[in-house]
Amino acid sequence: MARFVFITGGVVSSLGKGLASAALGALLQARGYSVRLRKLDPYLNVDPGTMSPFEHGEVFVTDDGAETDLDLGHYERFTGVAARKTDSISAGRVYSNVLEKERRGDYLGKTIQVIPHVTNEIKDFIHVGEDEVDFMLCEIGGTVGDIEGLPFFEAIRQFAQEKPRGEVVFMHLTLLPYLGAAGELKTKPTQHSVKELRSIGLQPDVLVCRSDKPIPQKEREKIALFCNVRKGDVIAAPDLKSIYEAPMAYHRQGLDQAVLDAFGISPAPKPKLDVWQDVQDRVFNPEGEVKVAIVGKYIQLEDAYKSYVEALTHGGMANRVRVKVEWVDAEVFEKDDAGAHLEGFHAILVPGGFGERGTEGKIKAAEFARTRNIPYLGICLGMQMAVIEAARNLAGIKDAGSEEFDHEAGKKRFEPVVYHLKEWVQGNAKIARKVDDDKGGTMRLGSYNATLTEGSRVAEIYGTTAIEERHRHRYEVDTKYRAALEEKGMIFSGMSPDGRLPEIIELKDHPWFVGVQFHPELKSKPFQPHPLFADFVRAAKENSRLV
Ligand code: GLN
């Protein structure tokens, strides 16, 4: 049966709770334990699938097709444990389940209330799979004191009461602001935030304090005294130069030891940290640098492309180079020449996206990469744009485009080289959708198999012809145009096992030009860089020697 760590946050948001949780997961693994990480989000969306990347950052997709918070990406990158649908829940999902049960008559005769109906629903969710791992780490989104968060805090309070003593530990993240005028780190916001927690019945066992300065002994003692924790359980979380430093840095500060002490596990198994030492060495000691352009449209918020940047960093680690990512707004090419913005980059990545805005720019970026022999990785929309470019400029289909944009504009303007898929198979199951289905969760989502062509570039990169990758899209490249494109050198080198859906395209006579309908960035890890990203960065490195 798992032991549980609940991770909460106070004072301000964006303290890096997700990262601290992920790093703790990695440290527990380093001590030989199995872990699973989970996110409980107090917002009312049923899932983040329909939230704007501008507001919420990227939507992370699991193998089993859940659209989740980007923190699940951190969890996977640090622990290598594939997240599942049951590892992410929002207040919206909780209420939607409760209301569904109410309509079905499951609670017949009862008045439905936050306590116990909503809190029970949350607790049921936390219990899922508890017999599978040694530690279950559950992060609560938001900050203590948020109105929406209350049912979650109440649920974890009850949960801890129902478990035998010593099986639940509460870890709370706060901020110690530095006041220049006073020349000191202020502990009052932390005290208030812990007071808030205690007023709802939660006493933190471990306090993780973010600060950009070391915490002097005096302040540690004060925090311990006022927040009712032991001195050794006040853990400093200094600012880091790279997130991949987090496991080693938290270990140095004693986080994993404090958590194991709080569980009364003594003596604690010794940690094996060589993997994280190696990751850190690779991050901090690159032997060169490559410049990669990401041509996107959500570039105001870097979190919108989180996994891409991380996967590129991993690709850099594999090649011992630092990958310097620069953001290029796809819309600039609609007025300007692509060369004006893409000259000097060693490789170009066109990421996924939705909607027509910026797509003509992405098509120009693909053309630039193709004609100038610059390594190009097109992901999802980035593959679709590369195919449209080739259809227009190589196969002579001048009005090639995607049905997505016609749907959006409400009129037919394009030859649908990329079309709306309404029926497909996943494993043995047939899935069907209508154009006007709900927007939430109606895409081709989650893990699908693909078969690669023997002898193709991608088969060589993957070292196999059978792969599984994660998807999140509604539209597909139409195989109707395959022959015309292949004749011009664009090879369909990865297909769905039934041969109906193009999964990968590549250019025959190009140093490195690959488009994938899926999202390889979601599966890349610092200790196991995704082969496509590793080889893409290798090609960028090779190109950097030429330019
Ligand atoms: N908008 C495209 C589609 O739905 C691409 C989606 C994506 O890039 N994730 O097919």
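Where the only charges are on Cβ atoms (+1 Lys, Arg; -1 Asp, Glu), what is the dipole of the range 441-547 about its Cα centre, to the nearest 20 debye? List each step's numbers first, then the result.
Numbers: 15 positive and 15 negative charges, 71 e Å.
Result for the range 441-547 is approximately 340 debye, rounded to the nearest 20.
Considering only protein heavy atoms, what is the solvent-accessible area of residue 215 at a probe of 1.4 Å, reported in Å² to the nearest 10?
10
About its Cα centre, what dipole magnitude does the range 5-134 give when the only charges are +1 on Lys and Arg Cβ and -1 on Asp and Glu Cβ, stated in debye to the nearest 20? Mind dumping the intermediate values first?
Values: 14 positive and 20 negative charges, 60 e Å.
That gives a dipole near 280 debye.
Considering only 448, 379, 397, whose Cα is most displaced toward the positive end of the charge dipole of the range 332-456, charges sitting on Cβ of Lys, Arg (+1) and Asp, Glu (-1)?
Ranked along the dipole, the leading option is 448.
Over the range 183-253, what is the relative contact order in whole percent, taking alpha-carbon pairs under 8 Å and six or more residues apart? Each step should come with its number before you reach the end.
On the way: 67 pairs, mean separation 22.6, N = 71.
Computed value for the range 183-253: 32 percent relative contact order.
Under a point spin-label approximation (7 Å from Cα along Cα-to-Cβ), what is the residue 408-residue 465 distance to one decimal in nm?
3.8
How long is the gain from residue 195 to residue 278 if the chain were fully straight, where each residue apart is worth 0.36 nm and the alpha carbon distance is subtracted?
On the way: separation 83, 0.36 × 83 = 29.88 nm, distance 4.03 nm.
25.9 nm is the gain from fully extending residue 195 to residue 278.
Using a basic spin-label model with each label point 7 Å from the Cα along Cα→Cβ, how many nm lie between residue 320 and residue 545?
The two pseudo-label positions are separated by 1.3 nm.
Using a Förster radius of 25 Å, what is the FRET efficiency between residue 224 and residue 252 based on their Cβ-Cβ separation? Nearest 0.05, please. Display every interim value, and only then the final one.
Numbers: r = 19 Å, r/R0 = 0.77.
Calculated value: 0.80.
Taking only DSSP H segments of four or more residues, each worth -39500 (n - 2.57), what value at 222 nm results for the chain once the sum is divided by all its residues, to the nearest 500 deg cm²/dmol? Please report the intermediate quantities before stating the final value.
Numbers: 19 runs with 192 residues, N = 547.
Only helices count here, giving -10500 deg cm²/dmol.
If each residue of separation counts as 0.36 nm, what is the full-extension length gain between residue 107 and residue 500 once their alpha-carbon separation is subtracted?
Details: separation 393, 0.36 × 393 = 141.48 nm, distance 4.59 nm.
Between residue 107 and residue 500, full extension yields an extra 136.9 nm.
By how many degrees, 0 to 90 and rounded to 10, does the Cα axis of helix 217-227 deviate from the longest principal axis of the chain?
80
Work out the charge dipole of the range 1-144 with +1 on the Cβ of Lys and Arg and -1 on the Cβ of Asp and Glu about the Cα centre, then indicate which of 54, 32, 11 is farthest towards its positive end.
Ranked along the dipole, the leading option is 11.
Given an 8 Å cut-off on Cα distances and at least 6 residues of separation, report the relative contact order of the chain as a percent.
On the way: 1129 pairs, mean separation 83.0, N = 547.
With pairs under 8 Å counted, the relative contact order is 15 percent.
What whole-number value in Å² describes the accessible area per residue of the range 126-193 for a 1.4 Å probe? The partial results should precede the final answer.
Details: 2890 Å² over 68 residues.
On a per-residue basis, 43 Å².
Sort 239, 87 from largest to smallest accessible area, using a 1.4 Å probe on the heavy atoms of the protein chains.
Details: 239 85, 87 0 Å².
The ranking, largest first, comes out as 239, 87.
Residue 383 accessible area, nearest 10 Å², 1.4 Å probe?
Residue 383 has an accessible surface of roughly 0 Å² with all protein chains in place.
Residue separation times 0.36 nm, minus the C-alpha to C-alpha distance between residue 302 and residue 231: what's the value?
21.9 nm
Normalised radius of gyration for the range 147-278, please: alpha carbon Rg relative to 2.2 N^0.38 Å, two decimal places.
On the way: Rg = 15.9 Å, N = 132, 2.2 N^0.38 = 14.1 Å.
This ratio for the range 147-278 stands at 1.13.
Once you've got the Cα coordinates, tell me which of 188/213; 335/508; 39/213; 297/362; 270/525; 39/525 are over 21 Å apart.
Values: 188/213 16 Å; 335/508 30 Å; 39/213 29 Å; 297/362 9 Å; 270/525 24 Å; 39/525 19 Å.
Result: 335/508; 39/213; 270/525 exceed 21 Å.
Find, to one decimal place in angstroms, the Kirkwood hydrodynamic radius of the range 1-147, where the mean of 1/r is taken over every pair of different Cα atoms and then inverted. Before the final figure, lay out each step's value.
Working: mean 1/r = 0.0623 Å⁻¹.
About 16.0 Å for the range 1-147.
Past 26 Å, Cα to Cα: identify those pairs from 422/488; 195/231; 163/272, in the order given. Could the numbers behind the result be given before it?
Values: 422/488 29 Å; 195/231 17 Å; 163/272 30 Å.
Distance filter (> 26 Å) returns 422/488; 163/272.
Would you mind getting me the FRET efficiency between residue 120 and residue 55? Use the beta-carbon distance for r and R0 = 30 Å, nearest 0.05. Write out the running numbers ahead of the final one.
Working: r = 31 Å, r/R0 = 1.02.
That gives a FRET efficiency of 0.45.
Just round it to a whole percent: the fraction of Cα-Cα distances in the chain exceeding 43 Å. Let's see the in-between values first.
Numbers: 35225 of 149331 pairs.
Looking at the chain, the distances longer than 43 Å represent 24 percent of pairs.
Would you kindly derive the ³J(HN,Hα) couplings of the range 141-148 from the backbone phi angles with the Karplus curve 6.51 cos²θ - 1.76 cosθ + 1.60 (θ = phi - 60°), listing them in order in whole Hz, with x for Gly and Pro?
x, x, 10, 4, x, 5, 4, 4
Taking the full set of protein chains and a 1.4 angstrom probe, give the accessible area of residue 488 in square angstrom, rounded to the nearest 10.
Near enough 100 Å² of accessible area.
When only DSSP loop residues count, what GluC sites (Glu not before Pro) in the range 223-289 have their Cβ near at most 16 other Cβ atoms within 10 Å? Don't skip to the end; give the middle numbers.
Working: sites: 245, 287, 289; in loops: 287.
Counting only loop positions with at most 16 other Cβ atoms within 10 Å, the GluC sites (Glu not before Pro) in the range 223-289 are 287.
Please give me the summed charge of the neighbours of residue 55: other residues whose Cβ is under 13 Å from its Cβ, Lys and Arg +1, Asp and Glu -1. Working shown, then result.
Details: positive: none; negative: 58, 69, 303.
Around residue 55, the surrounding residues sum to -3.
Provide the per-residue ³J(HN,Hα) series for the range 192-201, in order, calculated from phi with Karplus coefficients 6.51, -1.76, 1.60 and θ = phi - 60°, each as a whole number of Hz, with x at glycine and proline positions.
So the J values, rounded to whole Hz, are 5, 5, 5, 4, 4, 4, 5, 5, 9, x.
Which value, in Å³ per residue, describes the convex hull spanned by the Cα atoms of the range 430-515?
On the way: hull volume 9.5 nm³, N = 86.
Considering the Cα atoms of the range 430-515, their hull volume per residue is 110 Å³.
Positive end of the charge dipole of the range 143-198 (Lys, Arg +1 and Asp, Glu -1 on Cβ, about the Cα centre): tell me which of 191, 171, 150 has its Cα farthest that way.
191
So, with +1 on the Cβ of K and R and -1 on the Cβ of D and E, and no other charges, what is the size of the charge dipole of the chain about its Cα centre, to the nearest 20 debye?
Details: 71 positive and 81 negative charges, 201 e Å.
In debye, rounded to 20, the chain gives about 960.
So what are the ³J(HN,Hα) numbers for the range 117-125, from phi and the Karplus equation (6.51, -1.76, 1.60; θ = phi - 60°), rounded to whole Hz, Gly and Pro as x?
Karplus values, whole Hz, x for Gly and Pro: 5, 5, 5, 5, 4, 5, 5, 4, 5.
The values are calculated or read from the model by the stated rules, or taken from the named source; none is laboratory data. Everything numeric here is computed off the predicted structure, so don't read it as measured data. Cβ coordinates were reconstructed from backbone atoms using ideal geometry, including for glycine residues, and neighbour counts include every protein chain displayed. These accessible areas exclude ligands, DNA and RNA; they are computed on the full protein's heavy atoms, side chains included. Shrake-Rupley method; radii C 1.70, N 1.55, O 1.52, S 1.80 Å.
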